[in-house]
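Have a look at the structure below, then the notes.
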Amino acid sequence: MQYSSVTRLKFLLSLASTGALSACPFKIDKSYLPPASPSSPAASSGAIFAVSPVTSAAPAAPNLAPPAGPVGAANTLNITNSTSYSNSAIKVYVVGINPQNGAWSSLQASGSVAALSASPAPGLPLNAQTTTFPLPYLGSARIYFAVNGTLNIQGSGGAATQPAGWVQSDPSYQTLFDWIEYDYAAGAGLYCNTTQVDMFGLPITIQIGVNGAPSGSMLGMGPGARSSIFSAIRALGAPFSNLIVSNNGTDLRVIYPGFAIASGLFPSTYLDSYIQSVWTYYQKNTMTLNTTAYSTWSGTVSGAAFTFTQNGQTVTIAQPSTSDTLQCAGPLASGTSAAGSRIEALIAAGLNRGSLLTGTSQPDINPSDFYQTAPIHQYAKIMHQYGLQNRSYAFAYDDEGGFDATIAYTGAGPSLNVVLSAF
């Protein structure tokens with residue numbers, strides 16, 4: 001079973017509320033959460049934005065509880081434009097699954113939401129340095145920002161077609177854009193994250209607001225981060241410099257390397273030597289893997305199979321490819337059981353961070369051990385280097401250990417404060 005960024009965090013927080021994470025070293029930032037209650041939300045299934053196809057079908061039934069009142073009535077979305085672009089150059093799109101009917105929907109200028117249709121969803125204008133919109137109750141939602149262009153966001157047959165900045169034939173390919181993700185449901189809280197799991201285009205920060213005042217951590221990419229990221233990626237040379245997409249001299253985005261493999265811009269074997277070294281090491285050594293919620297497992301490799309055992313239970317992970325590892329897919333996302341999914345996520349995170357050979361006791365969540373062993377996942381390393389608090393969602397399981405840029409609030413009446421940072 002695969003989880004969206006915000007759904008995975010909700011799952012970890014639900015474990016915290018029951019005491020399951022009492023001995024867990026994960027750095028879940030809960031400083032801005034109210035006291036945990038027994039009704040903290042549990043996980044619900046959903047597609048990871050990082051690996052889902054561009055067109056994704058809505059579920060047969062809503063996966064979030066219906067709001068008590070009109071969609072969008074309870075919260076506000078406050079967007080501050082700190083870029084050098086005028087408000088008229090920027091369009092905003094709020095898209096997600098309406099929990100009242102399960103339909104992919106978008107926020108309208110009227111403040112209501114409407115189901116996506118064959119006609120492109122409207123881009124909403126900014127009208128002040130800080131523009132306020134209603135924040136709709138939506139699941140698996142994205143808030144897109146487009147600069148000097150529009151985005152093609154449509155619906156057909158219960159599915160949503162959204163921009164894919166790594167696909168050259170996509171109508172939005174030559175447009176500068178980016179997005180953040182959120183889930184909101186009445187009584188279940190607001191969960192939001194910035195993401196570089198697919199690409200990086202714009203520096204964006206997010207923060208919860210309570211009673212009109214900022215509350216808790218501000219996360220994301222701040223002023224100056226964008227130019228530093230492009231400079232650092234470009235300085236690496238190929239293959240990482242191949243990830244930069246430009247239009248007439250203007251840098252548009254850095255594509256996630258997992259998506260660049262299909263187009264030949266990134267080598268399909270880049271991480272193979274590290275993956276093989278891990279599999280070889282654990283042929284003669286035993287990994288002790290603390291999954292926290294599902295206790296501790298012992299893992300050894302035989303042939304291409306990494307097998308974890310605990311009290312007669314067995315979870316086996318086939319040796320993944322570079323693409324599997326970067327996308328946290330294939331054998332790293334088989335979803336055969338809850339414990340298996342947890343083990344797969346921890347192994348995927350360790351492979352991407354290069355931290356599975358620092359010791360047999362895993363997971364290693366000491367960031368000084370990350371991105372030290374060649375071949376290095378330089379994209380993820382750089383995104384963390386320039387993220388506020390060194391946090392970033394740079395690959396699909398980057399929330400393992402709490403290194404992602406996610407904020408959450410389960411109290412009443414929050415707002416979501418978003419800044420398009422200066423660049």
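The values are calculated or read from the model by the stated rules, or taken from the named source; none is laboratory data. If you're wondering where the values come from, they're calculated on a predicted model, not measured in any experiment. Note: ideal-geometry Cβ built from the backbone for every residue, glycine included; neighbour counts use all protein chains shown.
Brief remarks on what is shown
Quick grid of which residues meet (1) out of contact with any Gly (no Cβ under 6 Å at 6 or more places or on another chain); (2) surrounded by fewer than 17 Cβ atoms within 10 Å (Cβ to Cβ); (3) aliphatic (A, V, I, L, M); (4) not assigned by TED's automatic domain parsing to the domain that holds LEU388:
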residue	(1), (2), (3), (4)
ALA232	yes, no, yes, yes
ALA235	yes, yes, yes, yes
ALA260	yes, no, yes, yes
VAL278	yes, no, yes, yes
THR322	yes, no, no, yes
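- Tally, over the stretch 73-111, of residues that are under 25 Å from ASN148 (Cα atoms) and not β-branched (Val, Ile, Thr): 20
- Checking GLN100 against (1) more than 20 Å from the chain's Cα centre (by Cα); (2) at pLDDT below 95; (3) buried (at least 24 other Cβ atoms within 10 Å of the Cβ), the condition it does not meet: (3)
- Residue satisfying condition, being in contact (Cβ under 8 Å) with a residue 40 or more places away in the chain and of a type in the set (Ser, Thr, Tyr), within set SER246, SER241, SER268: SER268
- Given (1) surrounded by fewer than 21 Cβ atoms within 10 Å (Cβ to Cβ); (2) within 19 Å of the chain's Cα centre (by Cα); (3) of a type in the set (Asp, Glu), index of the condition ASP251 fails: (2)
- So GLY149, is it assigned by TED's automatic domain parsing to the domain that holds VAL95, out of contact with any Asp or Glu (no Cβ under 9 Å at 6 or more places or on another chain) and modelled with pLDDT under 95: no
- Conditions (1) of a type outside the set (Asp, Glu); (2) assigned to a loop (DSSP other than H, G, I, E, B); (3) crowded, with 21+ Cβ neighbours inside 10 Å; (4) at pLDDT 95 or above; number of the one not met by VAL71: (4)
- Residues of the stretch 344-370 satisfying the condition of being farther than 20 Å from ASP272 by Cα, over 19 Å from the mean Cα position of the chain (by Cα) and of a type in the set (A, V, I, L, M): none
A quick yes/no check of all residues on (1) touching a strand residue (DSSP E or B) at 6+ places or on another chain (Cβ under 9 Å); (2) free of Cβ contacts under 8 Å to residues at least 12 places away in the same chain; (3) surrounded by 19 or more Cβ atoms within 10 Å (Cβ to Cβ); (4) under 23 Å from SER228 (Cβ atoms):
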| residue | (1), (2), (3), (4) |
| --- | --- |
| THR314 | yes, yes, no, no |
| ALA318 | yes, no, no, no |
| ALA339 | yes, no, no, no |
| GLU344 | yes, no, yes, no |
| LEU356 | yes, no, yes, no |
| ASP364 | no, no, yes, no |
| GLN378 | no, no, no, yes |
| THR410 | yes, no, yes, no |
| LEU416 | yes, no, yes, no |
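- For the stretch 191-199, the count of residues that are touching a strand residue (DSSP E or B) at 6+ places or on another chain (Cβ under 9 Å), over 28 Å from LEU326 (Cβ atoms) and not charged (D, E, K, R) is zero.
- Top-ranked residue in the stretch 206-230 [being out of contact with any Gly (no Cβ under 9 Å at 6 or more places or on another chain) and among the polar types (S, T, N, Q); ranked as nearest to SER84 (Cα to Cα)]: SER227
- When residues in the stretch 381-408 are screened for being part of a helix (DSSP H, G or I) and in contact with a helix residue (DSSP H, G or I) (Cβ under 6 Å, 6 or more places away or on another chain), 4 of them pass.
- Which numbered condition PRO414 misses (of (1) under 19 Å from the mean Cα position of the chain (by Cα); (2) within 29 Å of ASN78 (Cα to Cα)): (1)
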